[in-house]
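Student: Have a look at this one before I ask anything.
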Amino acid sequence: MAQDGIGASTKRREDYRFLKGIGKYTDDINQPNQTYCYFLRSPVAHAKIGKVDLSVAKSAPGVVAIFTAADLEAVGGVPCGWLITGKNAQPMKEPKHPILAAGKVRHVGDPVVAVIAESLNAAKNAADLVSIDYQELPAIIDMRTAQTKGGEPVHTEATDNMCFDWEFGDKAATDAAFAKAAHVTKIDLVNQRLVANAMEPRAAVGVYEIGTDEHTLFTTSQNPHVIRLLMGAFVLSIPEHKLRVVAPDVGGGFGSKIFHYAEEAFVTWAAKKVGRPIKWTAERSESFVSDAHGRDHVTHAELAIDANGKMLALRCDTFANMGAYLSTFAPVVPTWLHGTLLAGQYAYPAIYVNVKAMFTNTVPVDAYRGAGRPEATYIIERIVSKAARELKLDQAEFRRMNFIRKDQFPYQTPVALVYDVGDYEASMQAALKLGDYAGFPARKAASAAKGMMRGIGVCSYIEACGIAPSSLVGALGARAGLYEAATVRVNPTGSVSVMTGSHSHGQGHETTFAQVVASKLGIPAENVNIIHGDTDKIPFGMGTYGSRSLAVGGSAIVGALNKIIDKGKKIAAHLLEASEGDIEFKDGAYTVKGTDKKKTFGEIALTAYVPHKYPIDTVEPGLEETSFYDPKNFTYPAGTYICEVEIDPRTGTTVITSFVAADDFGNIINPMIVEGQVHGGLVQGIGQAMLEGAIYNDKGQLVTGSYMDYCMPRADDVPSFKVVTTVTPCTHNPLGVKGCGEAGAIGSTPAVINAICDALDIDNIEMPATPERVWRAAHAKTMKAAE
Amino acid sequence: MYAFDYVRPASLADAVKALGASEENRPLAGGQTLIPTMKQRLAMPATLIDLAGIAELKGVRRDGNAIVIGAMTTHADVAGNADVKAAIPALAALAGGIGDPHVRNSGTIGGSVANNDPAADYPAAVLALNATIITTTREIPADSYFTGMFKTALQPGELIKAIRFPIGAKAAYSKFEQRASRYALVGVFVAHTGAGVRVAVTGSGAGGVFRSAPLEAALAKGFSVDALKGAVVPSTGLLSDIHGSAEYRASVIPVIAERAVAAAR
């Protein structure tokens, strides 16, 4: 076996620079003669922009230039990457999203004026001298009333503030199932707005070379080619061969760095205008009001169940908040990434979902770790637990009764997806065992004896990863393909450079991908280098989101490796004077079947570049191959999580005493990295359940605009996790892998809330389940009991 | 941050003089509130007068039946001081629980008490232990020092030199943290001496730190957890925010007081 190949828990090679503080992030990049940009942002949620007076500011010390929307009239708006078609074939409303607010501001944080100066402080000082007359309008904040509120809409293109009204599923079949149901469970859920809060704030450096007419953008992105495509083609009209986008080390994204943002287009454009490089780096308080937020759904759901406890149908009505503008992938999150997941792990025949997407005077909402799938899972897994409670069935048993069985795969769900493989019973069993589910009643009694309330929550999630077959997403409205690309360059002395279109912003690709190459070529992983994030170095790739890097990007690498191996066979056949069909490649060597004749991979590589003795008539010199991989289906990671909590009813303090995760990610390359991804996801999902929540007041001010009020999870908020994996390999990609980046964040949130509801013996609690909310629920129980 | 001038006087007299030179000048202690405020451009002092160079403001000494802590003594130094740990362990424990290591190694007792943040820990200790604030012009008893949220009896140009804590109370501080900031949502300092019981509550008062009459009355009957059973703290005058309504804080205060009483020594 190759050293540090597939299956080894190799330490992450990138951590050396990350942990030592010697990584190279966008803000670490400085250019000669660089200037600094400061965006003056709207302090109000909704207003007409009256007179903007720049006269004093323009003469402030150190000012290079000041721009407003008037200077950008020839420039396009920030485009949206997905078209959703609603009921009656109505396309979504797609209002222009200008780079700088034009005529109107639509959310607190909307950039209005850009000041470029010799230093950031000079830019800020000059911004203080800008006078803007805001003529305030009533803010539209609550998406539930946005349609009927009246007054000035967020956009004139959508007078009722509705972006689209989308439906999916078989309404008639669903209605029929409800008509014959023995029991119907109903639930109202709020999937609250979250702020991604990547450790590294967004930043961008724009550079223009007048001598070559070339633009370079350094930016904090999860997908530099997507940014190049969107910004070059739709915003700035820069042809792609004149535009380089580099996403160097990126300190976390969680989805929020997928999207094309106005600031990166602005610095690229303005660098040419002022003839000098421009740097912009967000401050944390700026990130809160300018990074796309996540989630923000309000749902009413109903579940039909027959007399035997079999689930018959699900119907959901959801409001999804788009915020003030359509962010790059915002429309797909509550629709195709949400509605198609509503079957969960269950074999029920009918589903109908309606989603009303609304514009409000808030920060745009887009994909955030899980993107639609956590929202879907929250609906299913909350209503399933509530149904079990109503039917007085054990929540684990009720799930098992309704699971899609192992022998039913491939399984066609009623919401378009075909699950290729899975074994939900296996992960459920693993979780029940690891969490000592059977021992829970005794633990609950022990807690009660101390005056504490103990609860247990189960969640059996599914997600769709490895997005996605291009033909399918094209039919669903995507304005891009979703393949991935890789180039494998074998260097003359046998080391290997891999250029991947995937982008690592903390996931550990440099380690994992090297392990794949090491195993396939039979060479040490340390001889493999992974290069990503620079459109001038890598083939056209779609980037990293939706847990797609290994399943799609890894498959492209395998495709290129197979081409390398095949070419090597031709060279080896020549050197070994055998027919190509008799050459075998194994453990880093080409051998002639049934003989001891062999050539090492290194010898073949050297021969390819020093082709003295070479099949030059039929084989080109060199050893470098590119492959594009377009997935055949989504992958379907699934698993069961069990959360156990103990609540102090006097203060509402809720402690997670145990958290068990049993995941099926298919084959695993690096178990340690997978476990780390699960841990991180669990913490984010627990954060949503108990700690995090973006709160707007009715004026549209973000009340939770700093870490003093927006509660990020910390290490001592979570227990030591117990994680285990079960394996059913993906059937349609060469590595048999499914992806593990989002599962933790998808499955943990409902598990926690189910546990809290179980402890308090209640139907529902709003997220985040803060101490006060838990205390109120416990207090209400106590008061009722006393009556 | 706006541009400002910076001086680092070596004596208290020079500091007072520099402070008096302009109403726009501000003293800098540990900077844990002032520096972030300046970074957000919400404060614009003309000259920062850094008190870190003044030796007489630093350190802890035992003075008869009291512990005197210099205004520029960091939380970490108070937490680790052998005299404080021996004489008033509750005070050392409180200092050791402020913020995080960075805050504890930069923040000072004088800065905290001068700022009187409604969620700061130290004001609860100062009030419950009936400490005395020694300033450049006078001595102020704790009961007349804290005058409202971010307000104190300090006059313009007046600097805290030290704080004198009487020794001899059976005391403890218990904190229930606001989850995001980890400041006190409810912090209760209890102190029991021959002269009676004092209970100071921080994190919850709309006017900043306050003494709780109902809890003091309950504990006057016997300094025990049982004595607090049934004690009711009214919600009037308490803060209400996204982290806790006044009603919630009122309900939690007696619970945290119980924990403090149970821990008192």
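Student: Any idea what the alpha-carbon Rg over 2.2 N^0.38 Å comes to for the stretch B:172-265?
Tutor: Rounded to two decimals, the normalised Rg is 1.00.
Student: Right, next: Which of the residues in the stretch A:734-774 lose at least 10 Å² of accessible area when you go from the chain alone to all protein chains together (probe 1.4 Å)?
Tutor: A:Pro771, A:Glu772
Student: Normalised by the residues of the stretch B:90-205, what does the relative contact order come to in percent, with Cα pairs under 8 Å and at least six apart?
Tutor: Computed value for the stretch B:90-205: 27 percent relative contact order.
Student: On to the next question. Based on the Kirkwood radius over alpha-carbon pairs, what is the Stokes-Einstein translational diffusion coefficient of the stretch A:44-198 at 10 °C with 1.306 mPa s viscosity, in µm²/s? Walk me through the numbers before you get to the answer.
Tutor: Values: Rh = 19.5 Å.
Result for D is 81 µm²/s.
Student: Quote the Stokes-Einstein diffusion coefficient, in whole µm² s⁻¹, for chain B, based on the Kirkwood radius over alpha carbon pairs, a temperature of 20 °C and a viscosity of 1.002 mPa s. Don't skip to the end; give the middle numbers.
Tutor: Numbers: Rh = 18.7 Å.
In µm²/s, the coefficient rounds to 115.
Student: Chains A and B: buried accessible surface, both sides, probe 1.4 Å, rounded to 100 Å²?
Tutor: 2100 Å²
Student: Show me the GluC sites (Glu not before Pro) within the stretch B:12-92 that DSSP assigns to loop and that have at most 12 other Cβ atoms within 10 Å of their Cβ.
Tutor: B:Glu23, B:Glu24
Student: Relative contact order, percent, of the stretch B:35-135 when contacts are C-alpha pairs under 8 Å separated by at least 6 residues?
Tutor: RCO, the stretch B:35-135: 19 percent.
Student: What are the semi-axes of the equivalent ellipsoid of the stretch A:142-276, taken as the square roots of 5 times the eigenvalues of the Cα gyration tensor, listed largest first and rounded to whole Å?
Tutor: 44, 19, 16
Student: Once a ≥ b ≥ c are taken as the square roots of the eigenvalues of the Cα gyration tensor of the stretch A:716-787, is the result rounded (a/c under 1.5), prolate (a/b larger than b/c) or oblate (a/b not larger than b/c)?
Tutor: prolate
Student: So what's the net charge close to B:Ala200: Lys and Arg +1, Asp and Glu -1, counting the other residues with Cβ under 11 Å from its Cβ?
Tutor: Once positives and negatives cancel, what remains is -1.
Student: If I model a spin label as a point 7 Å beyond the Cα along the Cα-Cβ vector, how far apart are those points for A:Thr626 and B:Glu23 in nm?
Tutor: 6.9 nm
Student: Moving to a separate point now. If you count only protein heavy atoms and use a 1.4 Å probe, how large is the accessible surface of A:Trp280, to the nearest 10 Å²?
Tutor: 10 Å²
Student: Continuing with this model, one more query. Along its principal axes, what span do the Cα atoms of the protein assembly as shown show, with the longest given first and each in whole Å?
Tutor: Sorted from largest, the Cα extents of the protein assembly as shown read 101, 76, 67 Å.
Student: Still on this structure, I have one more. Can you compute the helix-only [θ] at 222 nm over the protein assembly as shown? Use -39500 (n - 2.57) per DSSP H run of at least 4 residues, normalise by all residues, nearest 500 deg cm²/dmol.
Tutor: -8000 deg cm²/dmol
Student: So if I average 1/r over every pair of distinct C-alpha atoms in the stretch B:55-166 and take the inverse, what Kirkwood radius in Å does that give? Before the final figure, lay out each step's value.
Tutor: On the way: mean 1/r = 0.0733 Å⁻¹.
Over the stretch B:55-166, the inverse of the mean reciprocal pair distance is 13.6 Å.
Student: Which pairs, out of A:Lys406/A:Lys632; A:Lys242/A:Lys567; A:Lys567/A:Lys598; B:Lys151/B:Lys229; A:Lys781/B:Lys221; A:Lys569/A:Lys613, put more than 24 Å between their alpha-carbon atoms?
Tutor: Table pairs above 24 Å Cα-Cα are A:Lys242/A:Lys567; B:Lys151/B:Lys229; A:Lys781/B:Lys221.
Student: In whole angstrom, how far apart do the alpha carbon centroids of the stretch A:518-579 and the stretch A:263-331 sit?
Tutor: Computed from Cα coordinates, the inter-centre distance equals 34 Å.
Student: Return the aspartates and glutamates within reach of A:Lys96: Cα separation strictly under 20 angstrom, same-chain partners fewer than 8 residues apart disregarded; answer none if there are no such residues.
Tutor: Partners found: A:Asp71, A:Glu73, A:Asp110, A:Glu152, A:Glu157, A:Asp160, A:Asp165, A:Glu263, A:Glu264, A:Asp291, A:Asp366.
Student: Need one number for the stretch A:420-488: average projected area of the convex hull over its C-alpha atoms, nm².
Tutor: Numbers: hull surface 37.5 nm².
For the stretch A:420-488, the mean projected area of the Cα convex hull comes to 9.4 nm².
Student: Using the Kirkwood formula over every pair of different C-alpha atoms, what hydrodynamic radius in Å results for the stretch A:631-787?
Tutor: 17.2 Å
Student: All other residues with a Cβ under 11 Å from the Cβ of A:Glu390 taken together, and with Lys, Arg as +1 and Asp, Glu as -1, what is their net charge?
Tutor: +3
Student: Between the stretch A:655-721 and the stretch A:438-454, how many Å separate their Cα centres?
Tutor: 26 Å
Student: Calculate the translational D of the stretch B:1-130 in whole µm² s⁻¹ from Stokes-Einstein, where the hydrodynamic radius comes from the Kirkwood formula applied to all Cα pairs, the temperature is 20 °C and the viscosity 1.002 mPa s.
Tutor: 139 µm²/s
Student: Starting from the eigenvalues of the Cα gyration tensor, five times each then square-rooted, give me the equivalent ellipsoid semi-axes of the stretch B:5-52, largest first, whole Å.
Tutor: On the way: eigenvalues 70, 29, 9 Å².
Ellipsoid semi-axes (Å, largest first): 19, 12, 7.
Student: Please state the relative contact order of chain A as a whole percent: Cα pairs under 8 Å, 6+ residues apart? It would help to have the intermediate numbers written out before the result.
Tutor: On the way: 2012 pairs, mean separation 125.0, N = 787.
Once normalised by length, the contact order is 16 percent.
Student: So, one more: I need the helices of chain A that pass two filters: whole DSSP H segments spanning 18 Å or more by Cα along the axis, and mean Kyte-Doolittle score no lower than 1.0.
Tutor: Values: long enough: A:373-390 (25 Å, -0.51); A:555-576 (30 Å, 0.61); A:671-690 (28 Å, 0.51); A:743-760 (26 Å, 1.23); A:771-786 (22 Å, -0.73).
Sorted by number, the helices that extend far enough and score high enough are A:743-760.
Student: Give me the one-decimal Kirkwood hydrodynamic radius in Å for the stretch A:483-629, with the sum taken over alpha-carbon pairs.
Tutor: Values: mean 1/r = 0.0646 Å⁻¹.
Over the stretch A:483-629, the inverse of the mean reciprocal pair distance is 15.5 Å.
Student: Taking R0 as 56 Å, what FRET efficiency do you get between B:Met149 and A:Tyr609 from their Cβ-Cβ distance, rounded to the nearest 0.05?
Tutor: Computed FRET efficiency for B:Met149 and A:Tyr609 comes out at 0.15.
Student: Net charge around A:Ala301, counting only other residues with Cβ within less than 9 Å of its Cβ (Lys, Arg = +1; Asp, Glu = -1)?
Tutor: 0
The values are calculated or read from the model by the stated rules, or taken from the named source; none is laboratory data. Since the structure is predicted, the reported quantities are computational estimates derived from the model, not experimental observations. Neighbour counts run over all protein chains shown; Cβ positions are idealised from the backbone, glycine included. Note: accessible area is taken over every heavy atom of the protein model, side chains too, but ligands, DNA and RNA are not part of it. Shrake-Rupley method; radii C 1.70, N 1.55, O 1.52, S 1.80 Å.
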